[in-house]
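The values are calculated or read from the model by the stated rules, or taken from the named source; none is laboratory data. Values in this document were obtained by computation on a predicted structure and should not be read as measured data. FYI the Cβ positions are ideal-geometry reconstructions off the backbone, even for glycines, and counts take in every protein chain you see.
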Amino acid sequence: MASRANHGSLFTGGERARIKRVGAPIALFLGRLGFSPDALTVAGFGIVLVAAVAAAAGAWALTAVILIVGTLFDGLDGTLARATGRTSDFGAFLDSTMDRAGEAVIYAGIAAGAAMSGTTEVIGLSTLALGLGLLVSYVRARGEALGVRADVGLAQRAERASVLIAGLFAGALISATWLTAALALISIASAITVVQRIRFVRAGLAAAYRHTPRK
């Protein structure tokens, strides 16, 4: 059984699996309506675009609600692809690309909304959170290119999205300080995750080297 200790993340493998099981009937229903896995990937990005527009208007609570829908929608493409035997390298590539694009537009929207309200600290922290979040994904991609799947760390994509949604709600209902705190937490946790993944890749490469037959 996957554990937090093994993955170093806030969500266990079991929790992630339960979320996927909840989404399976929805994915199959959308498939029966004629949606392909790639179409679901693009539709999910469209939901995040709508959230980014709401964020740019400074509507933090509405942004959080739309992101919840987008988060629930995320993963349906992969679920549908596996259930229908339509997995492909291009589908995985498109999904990863749209995930990164989604992160970029939502943080850009938050920065734009913060600029309208004059909260400069939110602008800076949203930019930092975006950069470090993309670095988390980059380290994993480079590790996989070297043969080490570094899907570990404190702040993986689901964790970052959860903290951001909570921060948006609190920022709207209580004080903008809560959104600032959430963005700072995402930035710190992402930086820790980058270090965790670098160490994981280094250990994986070292282990592979030790087991490489010598001539």
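Observations on the structure shown:
- All of Arg140, Arg157 fail the test of being among the basic types (Lys, Arg) and more than 20 Å from Leu72 (Cα to Cα), apart from Arg140.
- Taking the conditions (1) farther than 16 Å from Leu125 by Cα; (2) at pLDDT below 95; (3) surrounded by fewer than 20 Cβ atoms within 10 Å (Cβ to Cβ) in turn, Ala176 satisfies each one other than (1).
- Among residues of the stretch 127-159, those that are hydrophobic (A, V, I, L, M, F, W, C) and outside any loop (DSSP other than H, G, I, E, B), counted: 11
- If the condition is being touching a residue at least 12 places away in the same chain (Cβ under 8 Å) and of a type in the set (Ser, Thr, Tyr), then the stretch 89-120 contributes Ser96, Tyr107, Ser117, Thr119.
- Looking across the stretch 57-67, the residues that are touching a helix residue (DSSP H, G or I) at 6+ places or on another chain (Cβ under 7 Å), without any contact (Cβ under 8 Å) to a residue 60 or more places away in the chain and not in a loop (DSSP other than H, G, I, E, B) come down to Leu62, Ile66.
- Filter result for Gly102 (surrounded by 19 or more Cβ atoms within 10 Å (Cβ to Cβ) and either at pLDDT below 95 or over 30 Å from Ala207 (Cα atoms) (or both)): yes
- Taken over the stretch 131-163, the criterion of being crowded, with 18+ Cβ neighbours inside 10 Å, touching a Ser or Thr at 6+ places or on another chain (Cβ under 9 Å) and either of a type in the set (A, V, I, L, M) or farther than 18 Å from Val194 by Cα (or both) is satisfied by Leu132, Val136, Val139, Val152, Leu154, Ala155, Ala161, Ser162.
- Close pairs from the stretch 163-179: first assigned to a helix (DSSP H, G or I), partner hydroxyl-bearing (Ser, Thr, Tyr) and surrounded by 16 or more Cβ atoms within 10 Å (Cβ to Cβ), Cβ under 6 Å, at least 6 apart: Leu168/Thr63; Ala176/Thr119
- Of all residues in the stretch 68-78, at least one satisfies being surrounded by fewer than 22 Cβ atoms within 10 Å (Cβ to Cβ), part of a helix (DSSP H, G or I) and not hydrophobic (A, V, I, L, M, F, W, C).
- Within the set Val136, Val201, Val194, Val152, the sole residue that is touching a residue at least 60 places away in the same chain (Cβ under 8 Å) and under 17 Å from Ala101 (Cα atoms) turns out to be Val136.
- Scanning the stretch 29-46 for residues that are assigned to a helix (DSSP H, G or I) and either of a type in the set (Phe, Trp, Tyr) or buried (at least 18 other Cβ atoms within 10 Å of the Cβ) (or both) yields Phe29, Leu30, Gly31, Pro37, Asp38, Leu40, Thr41, Gly44, Phe45.
- Leu132, sole failed condition from (1) out of contact with any helix residue (DSSP H, G or I) (no Cβ under 6 Å at 6 or more places or on another chain); (2) within 20 Å of Gly167 (Cα to Cα): (1)
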